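What follows is calculated from the coordinates using simple rules that are stated; it is not laboratory data. Computed from a predicted model, the values in this text were never measured in an experiment. Cβ: placed from backbone, ideal geometry, glycine included. Neighbour counts: every protein chain shown.
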């Protein structure tokens, strides 16, 4: 399975858990840290955790991709999931607006999420 197919699995997992404003960035041309960022918001901390758990489970079961590192489960405002070539950023709505990482990574290619469905 290629990385883009795994991105589709992660996107679907976030969509299934009603992730808000799911954004996918192709950062291969602008950074060596990963190939793709997935960014999504949640309306509450329970949804935030459910989204993180769903992405982790689906990538492991469907793509045999293991979570390398996770941060933010304690604060429940920004959860980062590092799967190597794919990094998932999950925010509560207020922190996403504050950090606005899409602007920071503005040189990255934004993926049309319709291609991920």
Checklist entry - Peptides 23-32, 100-109, 6-15: what's the order by average Cβ count within 10 Å, highest mean first? => result 6-15, 23-32, 100-109
Checklist entry - Tell me, what is the FRET efficiency for residue 115 and residue 66 to the nearest 0.05, using R0 = 35 angstrom and their Cβ-Cβ distance as r? => result 0.85
Next on the checklist: Full-extension gain between residue 57 and residue 20, please, as 0.36 nm times their residue separation minus the C-alpha to C-alpha distance.
Outcome noted: 11.4 nm
Checklist outcome for this item: Taking 45-51, 56-62 and ranking on average Cβ neighbours within 10 Å, highest first, one gets 45-51, 56-62
Checklist entry - At a Förster radius of 25 Å, what calculated FRET efficiency corresponds to the Cβ-Cβ distance of residue 107 and residue 4, to the nearest 0.05? => result 0.80
Checklist entry - Mean residue ellipticity at 222 nm from the helices of the chain, using -39,500 (n - 2.57) per DSSP H segment of n ≥ 4 over the full residue count, to the nearest 500 deg cm²/dmol? => result -11500 deg cm²/dmol
Item to check | Potential lengthening between residue 97 and residue 75 on full extension [0.36 nm per residue; Cα-Cα distance subtracted] | outcome: 6.3 nm
Checklist entry - For the residues 5, 112, 85, what sequence is obtained by ranking on other C-beta atoms within 10 Å, fewest first? => result 112, 5, 85
